[in-house]
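Laboratory data are not the source of any read-out in this text; all were calculated from the coordinates shown. Model, not experiment: these values are computed from the prediction. A quick note on method: Cβ atoms are made from the backbone with ideal geometry, for glycine too, and the neighbour counts reach across all protein chains shown.
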Amino acid sequence: MGYYSKYTEEEFLHAFKEVIEHGNKIDKEFSYELELRGGSAFYEEKLKELKSINKEKSRIRQEVLSYLGSIDDVDFIKKMVTSELFSKIELNLLIERTAKDYDLVSKNLKVTSKTIVGGILSFLIGGSTIGVLFALSIVKYERIYYGIIGFAFLLTYLVAWVLTKQTKDNVIIFLSSFASIFLALALGLWLSRVIG
């Protein structure tokens with residue numbers, strides 16, 4: 001029993017794809033397992049099928065996304081999009097998944113009053129907290145540790161995510177996280193002069 005015999009069919013297909021795409025040499029164990037599983041021609045055909053499936057999925061997603069720009073009714077989109085490769089059930093699942101992903105991305109990118117308030121609060125909390133820690137590190141160690149400032153972005157982003165459930169892909173969340181670095185730097189330097 002060889003090393004490749006432990007591979008699932010999907011893992012073995014992926015390994016075969018890597019060998020073909022990168023021109024890697026096939027070792028004896030791989031060659032033996034390949035012949036046991038149906039041979040090179042069999043897996044080349046499977047790769048062609050996989051490529052056509054992925055191409056069809058991409059086409060369907062693009063078509064669904066083009067509808068979602070102007071139509072919110074997923075049931076209507078299901079009637080409009082067709083596929084010769086997928087069953088109706090598979091097609092509907094792909095359409096629903098694409099619509100759900102689109103909805104999640106849209107909600108994440110949308111700027112609402114909650115986003116603005118969350119961005120401002122996280123900017124103040126993250127920038128101030130790290131600014132105070134920055135000032136204390138300057139006073140205590142009599143050196144400037146700029147590495148601390150990077151945590152302003154992380155803390156602000158974390159607070160913003162907790163408050164809004166939106167990621168740094170949202171422009172307000174990103175800007176508040178980025179701006180908190182400058183708040184922390186300015187506040188830290190000013191406080192270190194006042195305290196020290």
Paramagnetic label zone (point 7 Å from Cα along Cα-to-C-beta, Ser87; backbone N under 20 Å) in segment 8-48: none
Distance between segment 136-170 and segment 172-196 - C-alpha centres, whole angstrom: 9
Using a Cα-Cα cut-off of under 28 Å, which lysines could be cross-linked to Lys28, ignoring same-chain neighbours fewer than 8 residues away? Lys6, Lys17, Lys46, Lys48, Lys51
Per-residue [θ]222 nm for the chain (sum of -39500 (n - 2.57) over DSSP H runs n ≥ 4, rounded to 500): -26000 deg cm²/dmol
Which aspartates and glutamates, if any, have their Cα less than 15 Å from the Cα of Lys57, not counting same-chain residues under 8 positions apart? Glu49, Glu84, Glu90, Glu96, Asp101
Any chance you could tell me what percent of the C-alpha pair distances in the chain go past 21 Å? 70
For Tyr3 and Leu175 in one chain, what is 0.36 nm times their gap in residues minus the Cα-Cα distance, to one decimal in nm? 56.9 nm
As an exercise, use a Förster radius of 30 Å and the Cβ-Cβ distance of Ile120 and Ser66 to find the FRET efficiency, rounded to the nearest 0.05. 0.25
Sum up the lysine pairs in segment 101-196 that clear both bars: alpha-carbon distance under 25 Å and a spacing of 8 or more or different chains. 6
Any idea what % of Cα-Cα pairs in segment 8-101 are farther than 24 Å? 42
